[in-house]
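The values are calculated or read from the model by the stated rules, or taken from the named source; none is laboratory data. Only a predicted model underlies this, so the values are computations on that prediction, with no experimental measurement involved. For neighbour counting, all protein chains shown are included, and Cβ atoms are generated from backbone atoms with ideal geometry for every residue, glycine included. Surface areas here come from the heavy atoms of the whole protein model, side chains and all, with no ligands, DNA or RNA. Shrake-Rupley method; radii C 1.70, N 1.55, O 1.52, S 1.80 Å.
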Amino acid sequence: WSVGCTTDATGRAGFDKWLREQMAEKGAALLFPEDGEVYDYMLDEGRPKDDQPSRDPAWAAWLTTQPEYQIAPKAKFEDMIVPTKDSICYTYLLGLLTQNRKMCMHTGVSGTGKTVNVMRYLQSSLTNKQLPLTLGFSAQTSANMTQDILDGKMDKRRKGVYGPPAGKQYFILVDDLNMPKREFYGAQPPIELLRQWVDHKGWFDRKAMAFMRLDDLVWIACMGPP
């Protein structure tokens, strides 16, 4: 995933062919199944679960890692979200990254379920020490507006240091990250504000003109093609 994750559909086919050839040439002990692409599988390490014994590692298709989907008889149509291999895969990677305090960005054309998958994860997979926050960017979103919303959610911990309530973490979803209107020279101020946090772990209090460090934030972004 670290090497072949940033390509498109055509590139995936090429990477799939290359990786299979390399593994065969190097004598890898655990080859991928012939069906599908290498992206269709995760490594089941065979570690014991509950009362089950350990077993040999194997490649498992993403759909086999989840129980069969059952539609509740009284479920509303808009509440029916059928898992696919892609949604299972991306939710798994989202959890792996964010639970290790790594930022994560989902990109793709409209209608591919980016926001739905992240929202389901935030609603069902966080601990009681992990608090979800959601920001939706639009063409009219400003940097000041973004900062004011986030600053209003922060507690002061000590001089110059802010964050969620003590012992908690904020998991912040920024939806439609690419939407803010560009300035004359191409900058998008709300994104530059977030970039300042990425680089310096905080931003400036506009009234006191003092730097504010913001701790215990985990960022998740969704966006269409820029």
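Looking only at the stretch 142-155, decide whether some residue is in a loop (DSSP other than H, G, I, E, B), out of contact with any Phe, Trp or Tyr (no Cβ under 7 Å at 6 or more places or on another chain) and either on the phi > 0 side of the Ramachandran plot or modelled with pLDDT under 95 (or both).
no
Counting only residues that are in contact with a Leu (Cβ under 9 Å, 6 or more places away or on another chain) and open to solvent by less than 50 Å² (accessible area, probe 1.4 Å), how many does the stretch 194-212 have? Give the derivation first.
Residues of the stretch 194-212 in contact with a Leu (Cβ under 9 Å, 6 or more places away or on another chain): 194, 197, 201-203.
Imposing the further condition that a residue be open to solvent by less than 50 Å² (accessible area, probe 1.4 Å) reduces the set to 194, 197, 202-203.
So the count comes out to 4.
Residue pairs, Cβ under 9 Å, 6 or more apart or interchain, first in the stretch 91-117 and more than 19 Å from residue 198 (Cβ to Cβ), second assigned to a helix (DSSP H, G or I) and of a type in the set (Phe, Trp, Tyr). List them.
From residues that are more than 19 Å from residue 198 (Cβ to Cβ), the pairs are 91/121; 92/62; 95/121; 113/90; 114/90; 117/90.
Please go through the stretch 102-134 and give me each residue that is farther than 20 Å from residue 90 by Cβ and open to solvent by less than 60 Å² (accessible area, probe 1.4 Å), ordered by number.
First, pick out the residues of the stretch 102-134 that are farther than 20 Å from residue 90 by Cβ: 127-129, 131, 133.
Answer for the stretch 102-134, where residues must be farther than 20 Å from residue 90 by Cβ and open to solvent by less than 60 Å² (accessible area, probe 1.4 Å): 131, 133.
Scan the stretch 81-89 and tell me whether some residue there is under 25 Å from residue 30 (Cα atoms) and open to solvent by 90 Å² or more (accessible area, probe 1.4 Å).
no
In this structure, does residue 71 turn out to be assigned to a loop (DSSP other than H, G, I, E, B), of a type in the set (A, V, I, L, M) and open to solvent by 70 Å² or more (accessible area, probe 1.4 Å)? Before the answer, list the steps.
Values: assigned to a loop (DSSP other than H, G, I, E, B): yes; of a type in the set (A, V, I, L, M): yes; open to solvent by 70 Å² or more (accessible area, probe 1.4 Å): yes.
Considered against the rule, which asks whether it is assigned to a loop (DSSP other than H, G, I, E, B), of a type in the set (A, V, I, L, M) and open to solvent by 70 Å² or more (accessible area, probe 1.4 Å), residue 71 comes out as yes.
Could you list, in sequence order, the residues of the stretch 155-166 that are open to solvent by less than 30 Å² (accessible area, probe 1.4 Å) and either without any contact (Cβ under 8 Å) to a residue 24 or more places away in the chain or under 13 Å from residue 201 (Cβ atoms) (or both)? So that I can check it myself, show each step before the final result.
Narrowing the stretch 155-166 to residues open to solvent by less than 30 Å² (accessible area, probe 1.4 Å): 160-161, 163-164.
Those that are open to solvent by less than 30 Å² (accessible area, probe 1.4 Å) and either without any contact (Cβ under 8 Å) to a residue 24 or more places away in the chain or under 13 Å from residue 201 (Cβ atoms) (or both): 160, 161, 163.
Within the stretch 1-55, track down each residue that is open to solvent by less than 70 Å² (accessible area, probe 1.4 Å) and either free of Cβ contacts under 8 Å to residues at least 12 places away in the same chain or over 26 Å from residue 87 (Cβ atoms) (or both). First the steps, then the outcome.
Initially, the stretch 1-55 is screened for residues open to solvent by less than 70 Å² (accessible area, probe 1.4 Å), giving 4-5, 7, 11-16, 19-20, 22-24, 27-28, 30, 32-33, 36-42, 44, 46.
Answer for the stretch 1-55, where residues must be open to solvent by less than 70 Å² (accessible area, probe 1.4 Å) and either free of Cβ contacts under 8 Å to residues at least 12 places away in the same chain or over 26 Å from residue 87 (Cβ atoms) (or both): 5, 7, 11, 14, 22, 23, 24, 27, 28.
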